[in-house]
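Q: My structure is below; once you've seen it, I'll send some questions.
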Amino acid sequence: MLLPHRLALLTLAWLGLAATAPSADSESRTFSVAVDGKAAGSCRMTVQKRPDGTLAVTARADVSVKVAILTYKYTYRGTEVWKDGRLHSLESNADDNGKKHSVSATGGHDGAVFRSAGREVFVRGDVWLTTYWQLPPEKARGPTLALVDADTGKSLNAKLEKVGPDEVPVAGNVVKATRYRVSGAVKVDLWYDNSDRLVRQESVEDGHKTVLELTRLERD
């Protein structure tokens, strides 16, 4: 999920929780979306730990951007299932300003099969999706990255590199994070907390700077 690929408040208690790995059975992160410094929508990601040890991740994004006299709209609805850092399944639907996509995927030990627009493609390796909600396993963070567009199911030629420790604004506060950079077919900077989950995302697409900033964290 790239926002856009084509074109409430966080409580102080979270500042302490972010320093440890999440132990809750369910966690929801809500992000504001800004394009060229203007509010453009929101993205919400919910992670639920199931009794079988899998993580079920649902993502919902709604973006609307007015450029000159035109309005660009983007929506995404997706559900992912992961276990031990490996993708088990994906079901997603995206509407990129009227262009609709539907993707399903089934993961295995050596990779995952993606189905979209009547085509089936096998992607080898530890697959990572462009929802970016969590870092891939450390062994999969090298120059060869099995990155797949969650919108379209297309494999992307990209690599992930660690930039280093940083501090980022989160709902008016400053929190410690680690910055990573994805380059190649996509270019995006990502910030993760100590639980390796996303707190901030920045990219420039078609000359428009897009920023996702964490504004609310809920744990059950």
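The values are calculated or read from the model by the stated rules, or taken from the named source; none is laboratory data. All values derive from a computational prediction rather than experimental measurement. Note that each Cβ is placed from the backbone with ideal geometry, even for glycine, and that neighbours are counted across all protein chains shown.
Q: So, in the range 157-172, of the ones that are in a strand (DSSP E or B) and touching a Leu at 6+ places or on another chain (Cβ under 7 Å), which residue ends up modelled with the lowest pLDDT?
A: The extreme case among them is V170.
Q: Separate question: Here are T178, T131: which of them is within 16 Å of the chain's Cα centre (by Cα) and not in a strand (DSSP E or B)?
A: Matching residue, one of T178, T131: T131.
Q: Would you please list the contacts, defined by Cβ atoms under 6 Å and residues six or more apart or on different chains, that run from a residue in the range 137-156 that is β-branched (V, I, T) and at pLDDT 90 or above to a residue that is crowded, with 23+ Cβ neighbours inside 10 Å and part of a strand (DSSP E or B)?
A: Going by the 6 Å Cβ cut-off, the qualifying pairs are V148/L129.
Q: Would it be correct to say that D149 is under 24 Å from G207 (Cβ atoms) and surrounded by 21 or more Cβ atoms within 10 Å (Cβ to Cβ)?
A: Judged against the criteria, D149 is a match.
Q: Could you figure out which of (1) in a loop (DSSP other than H, G, I, E, B); (2) more than 17 Å from the chain's Cα centre (by Cα) isn't true of F122?
A: Unmet condition: (1).
Q: Could you check the range 101-119 and list, in sequence order, the residues that are closer than 29 Å to S195 by Cβ, in a strand (DSSP E or B) and not hydroxyl-bearing (S, T, Y)?
A: Those that are closer than 29 Å to S195 by Cβ, in a strand (DSSP E or B) and not hydroxyl-bearing (S, T, Y): V103, A105, G107, G111, A112, F114.
Q: So in the range 68-85, with the set limited to residues that are surrounded by fewer than 13 Cβ atoms within 10 Å (Cβ to Cβ) and hydrophobic (A, V, I, L, M, F, W, C), which one is modelled with the lowest pLDDT? Before the answer, list the steps.
A: Filtering the range 68-85 down to residues surrounded by fewer than 13 Cβ atoms within 10 Å (Cβ to Cβ) leaves 68-71, 84.
Pick out the ones that are also hydrophobic (A, V, I, L, M, F, W, C) and you get 68-70.
Numbers: A68: 78, I69: 82, L70: 86.
Per the stated criteria, the residue is A68.
Q: Restrict the check to the range 144-152 and report whether at least one residue is in a strand (DSSP E or B), in contact with a Ser or Thr (Cβ under 6 Å, 6 or more places away or on another chain) and not small (G, A, S).
A: yes
Q: Quick one: in the range 173-184, of everything that is more than 16 Å from E202 (Cα to Cα) and in contact with a strand residue (DSSP E or B) (Cβ under 9 Å, 6 or more places away or on another chain), which residue is modelled with the highest pLDDT? Break it down into steps so the answer makes sense when it comes.
A: Of all residues in the range 173-184, those more than 16 Å from E202 (Cα to Cα) come to 173-176.
Still in the running and in contact with a strand residue (DSSP E or B) (Cβ under 9 Å, 6 or more places away or on another chain): 174-176.
Numbers: V174: 91, V175: 91, K176: 95.
The selected residue is K176.
Q: Here's a follow-up. If I ask for residues that are farther than 16 Å from E202 by Cβ and surrounded by 14 or more Cβ atoms within 10 Å (Cβ to Cβ), which ones from the range 159-172 would you list?
A: K159, A171
Q: Could you list, ordered by first residue, the pairs with Cβ atoms under 6 Å in which the first is in the range 84-102 and within 17 Å of Q134 (Cα to Cα) and the second is of a type outside the set (V, I, T) and crowded, with 18+ Cβ neighbours inside 10 Å, at least 6 apart or interchain?
A: Between residues of the range 84-102 that are within 17 Å of Q134 (Cα to Cα) and residues that are of a type outside the set (V, I, T) and crowded, with 18+ Cβ neighbours inside 10 Å, the close pairs are R86/G107; L87/G107; L87/A112; H88/G107; L90/E80; L90/A105.
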